[in-house]
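Below: the structure, in C-alpha cells.
Just so it is clear, none of the values below were taken in a lab; they were calculated from the coordinates. Given the structure is predicted, the values throughout are model-derived calculations rather than measurements. Note that we place each Cβ from the backbone using ideal geometry, even for glycine, and neighbour counts take in every protein chain shown.
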Amino acid sequence: MKYAIMSDVHANPVALETALADARALGCEKFAMLGDVTGYGYDPKRALSLVRENFDIVLMGNHDSACLGLEQRQCDLNNPNYDLDRKCRGELSDDDAKWLRGLRPLRKVAGMALAHGDFTEPKEWYYINKPAVAAANFGARKEKLLFCGHTHHAEVWSLSRENVISRPSDGRLKDVPNAPETIEFKREKGVRYIVNVGSVGYPRHDLCMSYVICDSSSGVFAIRRLPFDFKSYVMSMVSHGIDLPAWLLFLLATASR
C-alpha cells in the first residue's frame, strides 16, 4: 500500500490540490493529513472541504485546536499566530466544527504512528527539532515508523540498534528544487525512523512544499518536494486582506533571487 502523508495545509487549497494531484499521479492509494488544515492562510473553508473529501486519515493540529477554541485561553490570546484561527471560528459551519472536534492529534495506522507535533505529549504541540527530543519521542512509541509535521521542515531522524540518534536527511534536502523531486530513504533492518513530512501549504526555510510517500510493501519512504510559488501565494494573501508576517516577506525575497 502506498501512502501519501501530508501536513500543515494552513488554509492554502491551491497548494493542497497541487500536492494531491502529484501524489495520485505517483500511484498513492491512501492519504493521511497530520493536521493544521486551518491557520495563517486565506481560505480555510475550501482547504477543509478538500481534506474532508480526499483524506482517509486526518489528525488535529494546534491551529485546528485554536480555531475551535480548545487551546488554553491565555495561550490562545497571547499567541499572534492564532489571530486568523480566532477569526475563522465564526466562518466554519456547525458540521465543519463538529468534524474538526472529532479529530485526534495522534493515530496508529498500519503499524505506523502519526502525530501532528510530537509523540510524548501530543496535545502540548512540542517540536521534534533536537537529538534529545527525538530520543524521547522514540522512547514514547514502539512503532518503527513515526510520522509528524508541525515544524514546516522536512527531516528524518533515525535510531539505530545501538540506540544512536542520527539524521539521514542531513545534506539531502538542502537545495531548493526547481522541479518536482523525490528523495528516497531505504529502511535498514532494526532501525527506527521519525519522519517529518514538512508543510504542503506554508513552507518556511525549506522554500518548497513537501510531503512523504511511504510504500508499506517495499521498505522505502520518500520525501517528495515540489516548487512553491511564493509570489502568487503572497498576492493571494494580500487580495484577501491578510497581514503578512515579516518572515514570509523575507522568504519571498529569498525565493525570488
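Suppose R0 equals 35 Å; then what is the FRET efficiency for Ser166 and Asp76 from their Cβ-Cβ distance, rounded to the nearest 0.05?
Details: r = 37 Å, r/R0 = 1.06.
In this case the efficiency is close to 0.40.
Along the charge dipole of the range 2-255, Cβ charges K/R +1 and D/E -1, which of Ala97, Pro44, Ile57 sits furthest on the positive end?
Result: Ile57, furthest along the dipole toward the positive end.
Hey, rough spin-label estimate for Asp83 and Ser239, points 7 angstrom out along Cα→Cβ, what's it come to in nanometres?
Calculated label separation equals 2.2 nm.
Can you list the lysines whose alpha carbon is less than 20 Å from that of Lys45, not counting same-chain residues fewer than 8 positions off?
Within the straight-line limit of under 20 Å, Lys45 reaches these lysines: Lys87, Lys98.
List the aspartates and glutamates whose Cα sits under 12 Å from the Cα of Lys186, skipping any in the same chain fewer than 8 residues away.
Answer for Lys186, where 12 Å is the Cα cut-off: Asp215, listed by chain and number.
With a point put 7 Å past each Cα toward its Cβ, work out how far Asp175 is from Thr120 in nm, to one decimal.
With each label placed 7 Å out from Cα toward Cβ, I get 3.7 nm.
I'd like to compare 6-19, 127-140: which one has the highest average count of other Cβ atoms within 10 Å, and what's the full order after that?
So the peptides 6-19, 127-140, ranked by packing, come out 6-19, 127-140.
If the only charges are +1 at each Lys and Arg Cβ and -1 at each Asp and Glu Cβ, what is the size of the charge dipole of the chain around the Cα centre, to the nearest 20 debye?
On the way: 33 positive and 32 negative charges, 148 e Å.
About 720 debye.
Go through the range 228-245 residue by residue and turn each phi into a ³J(HN,Hα) via Karplus (6.51, -1.76, 1.60, θ = phi - 60°); whole Hz please, and just put x for glycine and proline.
Using θ = phi - 60°, the values come out as 10, 7, 4, 5, 5, 5, 4, 5, 5, 4, 4, 5, 9, x, 8, 5, 8, x Hz.
For the range 2-255, compute Rh as the Kirkwood radius over C-alpha pairs and then the Stokes-Einstein diffusion coefficient at 37 °C and 0.692 mPa s; write the answer in µm²/s, rounded to an integer.
Values: Rh = 18.2 Å.
It diffuses with D of about 180 µm²/s by this estimate.
Counting only helical runs of four or more DSSP H residues, what would the 222 nm mean residue ellipticity of the chain come to if each run contributes -39,500 (n - 2.57) and the total is spread over all its residues?
Numbers: 9 runs with 80 residues, N = 257.
That comes out to -8500 deg cm²/dmol.
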